[in-house]
Amino acid sequence: MTTTGIESALVSKALREAEEALARINRAMSSGVLDAAIAYELSQPLCAIVASAFACSRWLSAEPPNFNRAQRALERIAAEGRRASNIIDRIGGLAPHEAPRGDRFDLNEAFLKSLRSTQDDLQSPAAPGGSPAIL
């Protein structure tokens, strides 16, 4: 393999590694944005549930207790609970529903195969008639 060929192989390998790193970063950023969106969507009904629970407690602690307003607060709690549940259901619908794979994977064999396939790229003739040199 010529020096240009070695450089080309190394550049190709570096490009693949950079593309893989970029893909990992993209997935992480997408996941972070999705996490923030989920947290925002769920925080609204959860905050409403807490506020209604406090209101219900105040209405029941009042002298005399206001059962009508406490009942409305409990109804709001139930409605917001359903809203949160619907949000979770919609999020679950976005995920692919696949059965877990049970394929066997021999990591040692995969490593050895990868090593064998890259060994030729890493070796080049040092000089005419010379022994291979590892870069």
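For ARG16 and ILE88, a Förster radius of 30 Å and the Cβ-Cβ distance give a FRET efficiency of 0.20, rounded to the nearest 0.05.
State the percent of C-alpha pairs, over all pairs in the stretch 3-96, separated by a distance greater than 16 angstrom. Value for the stretch 3-96: 71 percent of Cα pairs lie more than 16 Å apart.
None of the figures in this text is laboratory data; all of them are computed from the coordinates on show. The model shown is predicted, which means the values in this text are computed figures rather than measured ones. Positions of Cβ are generated from backbone atoms using ideal geometry, with glycine treated the same way; all protein chains shown enter the neighbour counts.
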